[in-house]
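Each value in this text was obtained by applying a stated rule to the coordinates, not by laboratory testing. Everything numeric here is computed off the predicted structure, so don't read it as measured data. Neighbour counts run over all protein chains shown; Cβ positions are idealised from the backbone, glycine included.
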Amino acid sequence: MDKGYFSVDAILAAEDRVPVVFNTAAASLGFLDPACKEEDLPARSRVELPLWLAQSLEAKNMVRLELPKHYSARFREDLLAGPEAVDIRDRSVFFYETGTALARIKRDEHLQRTMRMVFSGQRFRDILDASLNSGGDDMTDFLKDLPFAERILFDSGFVGSREYEAYKKGTHAQIGMAEVLKVSSAISGGGKEGEK
């Protein structure tokens, strides 16, 4: 995924809501907490904000960013025990992007390792296998449960498989690096997406 300033995907990923606790009172922000009857939001109020805003406010020590439940230690244990059985998309469409950003912001090495292990483990292999071997099958049910990064991975593998078949038949003009390898490399930090 392109992480550039004008990337619509990066903007949408930064819109994921995360819980924060205000360190100070916030003038005219009482509307953020439905339980608040005042115009101002009192200190120690817990609300959810978009990731981009929470990150900016935490940098100014105005809020304390907390991990959403689907990044908690217990949920991470479930992910590591059997990631293919967990419906990640139900938690967040941008599960990996948000989790990786939270791990960086919170300097949480365990969360970073979990994101890497879940994305590159059995779940990754299952998605790659399905994308390369789906042919003309209806994959609607399989695709509906995939978060954004996994959907990109599937699409890249599917296109790569079609291009390989075209190459074998002699109808493909040029061989390049498979999109699935570019995406995998970009996500794992091993290179820049788009390098040939």
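One table, with the values for the structure above:
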{"quantity": "Selection from segment 38-57 of residues that are in contact with a strand residue (DSSP E or B) (Cβ under 7 Å, 6 or more places away or on another chain) and among the hydrophobic types (A, V, I, L, M, F, W, C)", "calculated": "L41, A43, V47, L49, L51, A54, L57"}
{"quantity": "Restricting segment 143-169 to residues that are surrounded by fewer than 16 Cβ atoms within 10 Å (Cβ to Cβ) and more than 18 Å from the chain's Cα centre (by Cα), the residue that is farthest from A14 (Cα to Cα)", "calculated": "K169"}
{"quantity": "Tally, over segment 112-134, of residues that are without any contact (Cβ under 8 Å) to a residue 24 or more places away in the chain and either touching a helix residue (DSSP H, G or I) at 6+ places or on another chain (Cβ under 8 Å) or under 24 Å from I11 (Cβ atoms) (or both)", "calculated": "2"}
{"quantity": "Matching residues, segment 16-45, being closer than 16 Å to S56 by Cβ and without any contact (Cβ under 8 Å) to a residue 60 or more places away in the chain", "calculated": "R17, P19, V20, V21, F22, N23, T24, A26, L29, L32"}
{"quantity": "Selection within segment 39-66 - surrounded by 13 or more Cβ atoms within 10 Å (Cβ to Cβ) and either touching a Gly at 6+ places or on another chain (Cβ under 9 Å) or of a type in the set (D, E, K, R) (or both)", "calculated": "D40, L41, P42, S45, R46, E48, E58, R64, E66"}
